[in-house]
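> Quick one: structure below, then a few questions.
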Amino acid sequence: MTQKLQTDRDAIDSIDQQIVALISQRIASARQIGSTKGKHTDLAIRDPKREREVYDRWARIAEQNGLSGYYVGRVLREILSYSRRVQEGYLDQDASGNGHPVTRVGYQGTVNSYSFLAAKKLFSHREKTALEPNSFRTFRAAIDALVAGELEYALLPIENTIAGSLNETYELLKEHDLAIVDEEIWPVEHCLAGLPGSNLNEIFTIRSHPVALQQCQTFLARATWASTEAFYDTAAAAESLMAEGNKAVAAICSEECAHALGLDVLQRGVADQPHNQTRFVLIGRDPEPIDQRLSCKTSLRLALNHREGALAEILQSFAARKLNLTKLESRPKPESPWEYEFYVDLVGHQDDPAVAEAIADARAHTNYLRILGTYPRRGLELDQIPSTAPVHTANGNGDSPESNVPMTAAVSTRERKLPDRTTVQLGSVEFGGSRFVVIAGPCAVENRRQMLDTAQIVRDAGARVMRGGAYKPRTSHDSFQGLGWQGVELLVEAGRAYEVPVVTEVLRTEDVDRVAAVADAIQVGARNMQNYALLRTLGTIDRPIILKRGLSATIDELLKAAAYITAGGNNRVILCERGIRTFETATRSTLDVSSVPVLRHRTGLPVIVDPSHAAGERHLVEPLALAAAAVGADGLLVEVHANPEEALCDGPQAMTADDLKSLMAKLEPIVATHGRTL
Ligand code: PEP
Ligand code: MN
């Protein structure tokens, strides 16, 4: 090397050191500003005017010095984006990290894979504790470790601008009740890397992840002398070169990876598309609060109800409030062929009134809607600075939705207008619509014959849903406790044979998934109305829930219990009045008929009445049922038995087949007064 070259290089090294030191000082000042903004919540996080001025000043100084304003501007853009992220860390003054000495983040792939690099980028500013990246062979393994509490987060790719969505990530979000807490955008810039001293023309094998190979088709087609080899990740392909020491093999990976491993970059820009970006989502076990001043995105998972135009209505609820959807993904539901779930990403914070209202509106057209999270919106270019002004809707009154009651059922004070009625689909049957629905069946499932006979009775009488308890909550442990899972199977078998959807009670959280997989609806009994663990689990499933009022529960407590289910995303809740404990002993419980109009005044959810458990005696069931219909209930839940004398449970209150037929006939004119049919 000539003396001159060495001197020039030394000068550059020394200048670089100064540049980095200056960037470090600039970031330190940005931190100070972040701290001020954190303490003064009235200050805007971004000041687009100020950013524009800084940008213009840089361009001017660059041009005065004979430099390209464009290239210098790009350097500034990176610095500003770094500063903004550093400032974010100061917004949540109370957050003291996650309580762990390090933040364990799982990712798929090896060290230096794109996922690893994205994790390092995201955590360069996100946490106050050090990042401990944990490598996993598969997405699922990373999520399993997160669920098991071995990680604080998992960072998984969710979409790529060329390859599209990564279905497996959506599947995992569906399988587990997790939250999206952040996102990261990684610009994928593939290069061809080889061992030091290797030469492009002497490369015979090019290895990489199949998707990366796919993305470099044009380059590979030209390199006719080389064959390709699939590897499970780009960084592992690069590492294998080092292990093998063969200069005839090269890898397609990121330039960062090549540098980290000491490989030579043989060629840059080998991808077909220059703009190749991957979006990653940071998944945590619980949602995390985020400052409303940040530019945010909110992700939703929803299942439509089967009304015509439901999807259009949902989209309209966002469009009407000028909310920008950034992604709409549909995923099949393997348990219900030809039905789909949707994942919606929109720009905005879930607490922004416009977003909250749009979600509340959209909810009415869904069977299930869960907010996966609100998180900072990444990857914004300087020249796409969003307006930080909050979006207000034409009808936005600034009210925040009440959080302790179902959205579809926002509590109305007397002054407010009546809530819109929500219908709930149970199998093929609609509750809360134009028909009054009778659910009938035995207290407990006893045997196959009994269930087949009951299904026939139910269907012949014109009742539309069958009940039957398999897991029985009995006051005395000596009483018949139900047939358990076998009872569920007998109920479902009879229901299928007679084409009537079925509902059964679940007592334990552990049984929810198994029962929900076969039954059309799940009942929460009076004794479990405040079993919050059970309610929370029921909030995560895509099955309607019949929630019975507790023996000593107020109407307010019933609504709050319903909110546990709807808050989890499941908005198919049917409320059931079944009598409460009072000083009166002449009846088993006192049927509180007034709860029906009160509930209908305060919630949009369907309200049904169980006169059987209130009455306790057969001859009282019919008059109470008629009263329920008269006060505007949406349906009934009654106990019938082919042979009440032999019933193993609640025989004295069970109706016979004839009783049920007679009740149905008497209901008809009463429900007609509410404009309904049976
Ligand atoms: C039932 O419906 O079988 C039942 C046990 O009712 P409740 O929970 O209302 O007592
Ligand atoms: Mn019973």
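The values are calculated or read from the model by the stated rules, or taken from the named source; none is laboratory data. Just so you know, these numbers come straight off a predicted model, no measurement behind them. Here the Cβ is made from the backbone with ideal geometry for all residues, glycine too, and neighbour counts use every protein chain on show. Surface areas here come from the heavy atoms of the whole protein model, side chains and all, with no ligands, DNA or RNA. Shrake-Rupley method; radii C 1.70, N 1.55, O 1.52, S 1.80 Å.
> Heavy atoms only, probe 1.4 Å: what % of the accessible area of the chain goes to carbon and sulfur, would you let me know? Provide the component values of the computation, followed by the final result.
On the way: 15820 of 30920 Å².
The C+S portion of the solvent-accessible surface of the chain is 51 percent.
> Quick one: grab the alpha carbon gyration tensor of the stretch 415-672, order the square roots of its eigenvalues as a ≥ b ≥ c, and give me rounded if a/c is under 1.5, else prolate or oblate depending on whether a/b is larger than b/c.
Details: a/c = 1.30, a/b = 1.12, b/c = 1.16.
Judged from the Cα gyration tensor, the stretch 415-672 comes out rounded (a/c under 1.5).
> Here's another thing I want to ask about it. Cα to Cα, under 30 Å, and not fewer than 8 places away if on the same chain: which lysines meet these conditions relative to LYS661?
LYS472, LYS548
> Name the residue farthest towards the positive end of the dipole of the stretch 415-672 from the options VAL492, THR566, PRO652, assuming +1 on Cβ of Lys and Arg, -1 on Cβ of Asp and Glu, about the Cα centre.
Projecting each Cα onto the dipole axis, the largest value belongs to THR566.
> Just to verify a number: FRET efficiency for THR656 and THR138, C-beta to C-beta distance, R0 = 60 Å, to 0.05? Before the final figure, lay out the partial values.
On the way: r = 58 Å, r/R0 = 0.96.
So the FRET efficiency works out to roughly 0.55.
> Something else: Using each residue's phi in the stretch 103-108, evaluate 6.51 cos²θ - 1.76 cosθ + 1.60 at θ = phi - 60° and report the 3J(HN,Hα) Karplus result to the nearest Hz, with x for Gly and Pro.
9, 8, 10, x, 8, 9
> For the chain, which cysteines have no disulfide-compatible partner, meaning no other cysteine Cβ under 4.7 Å?
Lone cysteines by the Cβ rule: CYS191, CYS216, CYS296, CYS576.
> Which aspartates and glutamates, if any, have their Cα less than 20 Å from the Cα of LYS4, not counting same-chain residues under 8 positions apart?
ASP13, ASP16
> Right, here's the next one. Given axes a ≥ b ≥ c from the Cα gyration tensor, I'd like to know whether the chain is rounded (a/c under 1.5), prolate (a/b larger than b/c) or oblate. Show your work: numbers first, answer last.
Details: a/c = 3.01, a/b = 2.11, b/c = 1.43.
Because a/c hits 1.5 or more and a/b exceeds b/c, the chain counts as prolate.
> How large is the accessible surface per residue of the stretch 14-88, computed with a 1.4 Å probe and reported in Å² as a whole number? Present the calculation step by step, with values, prior to reporting the outcome.
On the way: 5100 Å² over 75 residues.
It amounts to 68 Å² per residue over the stretch 14-88.
> While we're here: Which shape class applies to the stretch 14-88: rounded if a/c is under 1.5, otherwise prolate when a/b exceeds b/c and oblate if not, where a ≥ b ≥ c are the square roots of the Cα gyration tensor eigenvalues? Numbers along the way, then the final one.
Details: a/c = 2.92, a/b = 1.53, b/c = 1.90.
Oblate is the answer for the stretch 14-88, as a/c is 1.5 or above yet b/c matches or exceeds a/b.
> Okay, next question. Among 162-169, 206-213, what's the highest-first ranking by average C-beta atoms within 10 angstrom per residue?
On the way: 162-169: 15.5, 206-213: 21.6.
Per-residue mean Cβ counts within 10 Å order the peptides as 206-213, 162-169.
> Here is a follow-up. Per-residue ellipticity at 222 nm for the chain, helices alone: DSSP H runs ≥ 4 residues times -39500 (n - 2.57), over residue total, nearest 500 deg cm²/dmol?
Details: 21 runs with 246 residues, N = 678.
Computed mean residue ellipticity for the chain: -11000 deg cm²/dmol.
> Further, regarding this structure: Any aspartates and glutamates with Cα under 13 Å of the LYS49 Cα? List them, leaving off those in the same chain fewer than 8 positions away.
LYS49 reaches ASP383.
> I need to check one value: relative contact order of the stretch 415-672, counting alpha carbon pairs closer than 8 Å and at least 6 residues apart, in percent. Write down the numbers at each step before the final one.
Details: 571 pairs, mean separation 50.1, N = 258.
About 19 percent, as a whole number.
> Amide H of GLU132 versus every other amide H placed in the peptide plane: which residues, excluding those fewer than 5 positions away on the same chain, fall under 5 Å?
Answer set, sorted by chain and number: THR103, ARG104, VAL105.
> Please work out how much accessible surface ARG421 shows to a 1.4 Å probe, ignoring ligands, DNA and RNA, in Å² rounded to 10.
90
> How big is the charge dipole of the chain about its Cα centre, in debye rounded to the nearest 20, if each Lys and Arg gets +1 on its Cβ and each Asp and Glu gets -1 on its Cβ?
Details: 74 positive and 87 negative charges, 239 e Å.
Dipole about the Cα centre, nearest 20: 1140 debye.
> Could you give the accessible area per residue of the stretch 415-672, probe 1.4 Å, as a whole number in Å²? All intermediate terms of the calculation are to be shown ahead of the outcome.
On the way: 9720 Å² over 258 residues.
Here the residues of the stretch 415-672 average 38 Å² of exposed surface.
> Measure off 7 Å from each Cα along the Cα-to-Cβ vector at ALA517 and ILE61, then give the distance between these two points in nanometres to one decimal.
6.5
> Accessible area of GLU339, 1.4 Å probe, to the nearest 10 Å²?
For GLU339, the solvent-accessible surface is approximately 60 Å².
> Further question on the same structure: Quick one: length gained pulling GLU308 to ALA11 fully straight, 0.36 nm per residue minus the C-alpha distance? Each step should come with its number before you reach the end.
Working: separation 297, 0.36 × 297 = 106.92 nm, distance 7.08 nm.
Roughly 99.8 nm would be gained on extension.
> Which entries in LYS121/LYS333; LYS37/LYS121; LYS39/LYS128; LYS322/LYS560; LYS120/LYS333; LYS37/LYS128 show an alpha-carbon gap greater than 26 Å?
LYS121/LYS333; LYS322/LYS560; LYS120/LYS333
> Next question, about the same structure. Got a sec to turn the phi values of the stretch 293-304 into Karplus ³J(HN,Hα) couplings, 6.51 cos²θ - 1.76 cosθ + 1.60 with θ = phi - 60°, whole Hz, x for Gly and Pro?
For the stretch 293-304, the Karplus curve yields 7, 6, 6, 10, 10, 10, 10, 10, 10, 9, 10, 6 Hz.
> Additional query: Residue by residue, what Karplus-based ³J(HN,Hα) values in Hz, rounded to whole numbers, does the stretch 435-449 have, using 6.51, -1.76 and 1.60 with θ = phi - 60° and x for Gly and Pro?
Karplus-based 3J(HN,Hα) across the stretch 435-449 equals 10, 8, 9, 9, 9, 9, x, x, 4, 10, 6, 10, 6, 5, 4 Hz.
> Can you tell me the relative contact order of the chain? Whole percent, Cα pairs under 8 Å, sequence separation 6 or more. Write down the numbers at each step before the final one.
Working: 1373 pairs, mean separation 62.9, N = 678.
Result for the chain is 9 percent.
> When the chain is fully extended, how far beyond the present Cα-Cα distance does LYS128 get from GLU499, taking 0.36 nm per residue of separation?
127.8 nm
> On to the next question. Between ARG31 and ARG581, what is 0.36 nm times their sequence separation minus the Cα-Cα distance? Round to one decimal in nm. Kindly include the intermediate steps, with their values, before the conclusion.
Numbers: separation 550, 0.36 × 550 = 198.00 nm, distance 6.06 nm.
So the extension gain works out to 191.9 nm.
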